[in-house]
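Trainee: Dumping the structure here so I can ask a few things about it.
The values are calculated or read from the model by the stated rules, or taken from the named source; none is laboratory data. No experiment lies behind these values; they were computed from the predicted model shown. All Cβ positions, glycine included, derive from the backbone under ideal geometry; neighbour counts span all protein chains shown. These area figures cover heavy atoms from the full protein model, side chains too; ligands, DNA and RNA do not enter into them. Shrake-Rupley method; radii C 1.70, N 1.55, O 1.52, S 1.80 Å.
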Amino acid sequence: MYASASRTVGLSPDPWAPVGTVGLPRLVVSVGAVVLGALLVSAVLVTVGYSLLAARRRRRREPVRADLRSELLERLYGREDPDWEPWVASLSAVHRDELESVLDVYLRRLEGRDAERLAELGGALGIPERSRRTIREGGYWERLDALTWLALLRDPPDRDLLEARCTDTPRERAAAVRVLYASDAADLATTGVDLLLGDDPDAFSVFGIDTLYRVGETDPGPLFDRAAAEFDEWDPALQQQVLSVTGHLHTVVGDADLSWLLEAVSSPEERVRVAAWRALAAYGWNVPLRSGIDPTAVTEDPSPVVRASAYRLLGAWGDPEALSALRTVAAAEPDGRTRVAAAEAVLSHRGRGNGRSLEPPATLDDAWAWAVEHARFDDRVREIPRRGGVATGSSRRGREGSP
């Protein structure tokens, strides 16, 4: 009887199918799983091994650090002259590295004469010279580390070196100026503003904003002069940051030129206009500045966020003229949330608690209920004890009945 060749030799029903197409994917999956498992095991072993090695090094170094710490404190407080240089010369390279780590900790904690004497130890270790060399020749992270050391040691490098090597990024600019600030440099305001805001600067981090504020607090003149000349050329993010800093410098502003601040309320950028109104809120005492502001003009601004900032400014000024202007502009406000902001600005001058007048102005009757409810909630929050959480009825009665 006839039998097909495919049944006899066990070939695939499809004569054109390549041999091994069924088994190949399984083999690939198996090999891949083995390789992946081996990689995972290797990663775990390397991680555990590194952790054990690091822990072993820490255990070995801790007695060394303890001895160095004890000797440092004894020389700092137990002797008239710490005599740092002979001590440092007697240490091995490993011990000097550990001593630098100990010095870093104490420089961040101590102030005054103690910090000055520790700075002399930094000089004995050669840190200032090494840091200056690193700024000239090192990379980005090395320069930041060097600037940190110089700030801790209150030992600023030459201004030319800072300008040549530390202005590539906002972070380097701020770190360089922080060295000048830590050392109470006489030219901090001028040089600090040049380093921070010169040559087409970018927006800063929080650290950079804080540094700019500290520079402006010593003397706001160079900052305001720079803003008056270059404000329009800056990126909106940087404009916003400078305006934020300006709002906190109102007590030291003197007779500086603030015309650029008035112009900022007409910026094409919404966030810049918001920041400008917020900054101006702190200058209600400045009569010449106030004379250049027309509060009613804010009604033409298309942004309700900007208008709300202007209403809060009028509320922050709080004098009868400002409150009268606030009621006038709020009467024409079409946005409901912004009307609530105007109502809250008016309500903030009606007293607190039971002394607050709850009679709504005729122009804000629809937003007044929201503002009053927000104020009541704020009053309740302020009454919560700062310690012990929210007092329950029984615990409150117990305290009231105790002597």
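Trainee: Filter the range 268-283 down to the residues that are open to solvent by less than 20 Å² (accessible area, probe 1.4 Å) and not aromatic (F, W, Y) and list them by number.
Mentor: V272, V274, A275, A276, A279, L280
Trainee: For the structure I just gave you, tell me whether R26 is open to solvent by 100 Å² or more (accessible area, probe 1.4 Å), modelled with pLDDT under 85, closer than 30 Å to E100 by Cα and in a helix (DSSP H, G or I).
Mentor: Judged against the criteria, R26 is not a match.
Trainee: Can I ask one more? Report, by residue number, each residue of the range 104-132 that is touching a residue at least 24 places away in the same chain (Cβ under 8 Å) and not in a helix (DSSP H, G or I).
Mentor: Residues satisfying the conditions are R108, L125.
Trainee: Another one. Across the range 221-237, what is the total count of residues that are hydrophobic (A, V, I, L, M, F, W, C), surrounded by fewer than 18 Cβ atoms within 10 Å (Cβ to Cβ) and either under 14 Å from A275 (Cα atoms) or in contact (Cβ under 8 Å) with a residue 60 or more places away in the chain (or both)?
Mentor: Residues flagged as hydrophobic (A, V, I, L, M, F, W, C), surrounded by fewer than 18 Cβ atoms within 10 Å (Cβ to Cβ) and either under 14 Å from A275 (Cα atoms) or in contact (Cβ under 8 Å) with a residue 60 or more places away in the chain (or both) within the range 221-237 amount to 1.
Trainee: What number goes with the only condition from (1) in contact (Cβ under 8 Å) with a residue 12 or more places away in the chain; (2) closer than 26 Å to V306 by Cα that G254 does not pass?
Mentor: (2)
Trainee: While we're looking at this one, here's another question. Test each condition in (1) of a type in the set (G, A, S); (2) more than 20 Å from the chain's Cα centre (by Cα); (3) open to solvent by 20 Å² or more (accessible area, probe 1.4 Å) for A264 and report the one that comes out false.
Mentor: In the conditions (1) of a type in the set (G, A, S); (2) more than 20 Å from the chain's Cα centre (by Cα); (3) open to solvent by 20 Å² or more (accessible area, probe 1.4 Å), A264 misses (3) alone.
Trainee: Take the conditions without any contact (Cβ under 8 Å) to a residue 40 or more places away in the chain, farther than 30 Å from Y311 by Cβ, buried (at least 16 other Cβ atoms within 10 Å of the Cβ) and out of contact with any Pro (no Cβ under 7 Å at 6 or more places or on another chain) and apply them to G247. Does it pass? Talk me through it step by step, then tell me what you get.
Mentor: Working: without any contact (Cβ under 8 Å) to a residue 40 or more places away in the chain: yes; farther than 30 Å from Y311 by Cβ: no; buried (at least 16 other Cβ atoms within 10 Å of the Cβ): yes; out of contact with any Pro (no Cβ under 7 Å at 6 or more places or on another chain): yes.
Judged against the criteria, G247 is not a match.
Trainee: Is one or more of the residues making up the range 86-103 surrounded by 10 or more Cβ atoms within 10 Å (Cβ to Cβ), under 22 Å from T148 (Cβ atoms), free of Cβ contacts under 8 Å to residues at least 60 places away in the same chain and basic (K, R)?
Mentor: Yes: the range 86-103 contains one or more residues that are surrounded by 10 or more Cβ atoms within 10 Å (Cβ to Cβ), under 22 Å from T148 (Cβ atoms), free of Cβ contacts under 8 Å to residues at least 60 places away in the same chain and basic (K, R).
Trainee: Being among the basic types (K, R) and either under 30 Å from R173 (Cα atoms) or in contact with a Pro (Cβ under 6 Å, 6 or more places away or on another chain) (or both) is true for just one of R108, R65. Which residue is that?
Mentor: Matching residue, one of R108, R65: R108.
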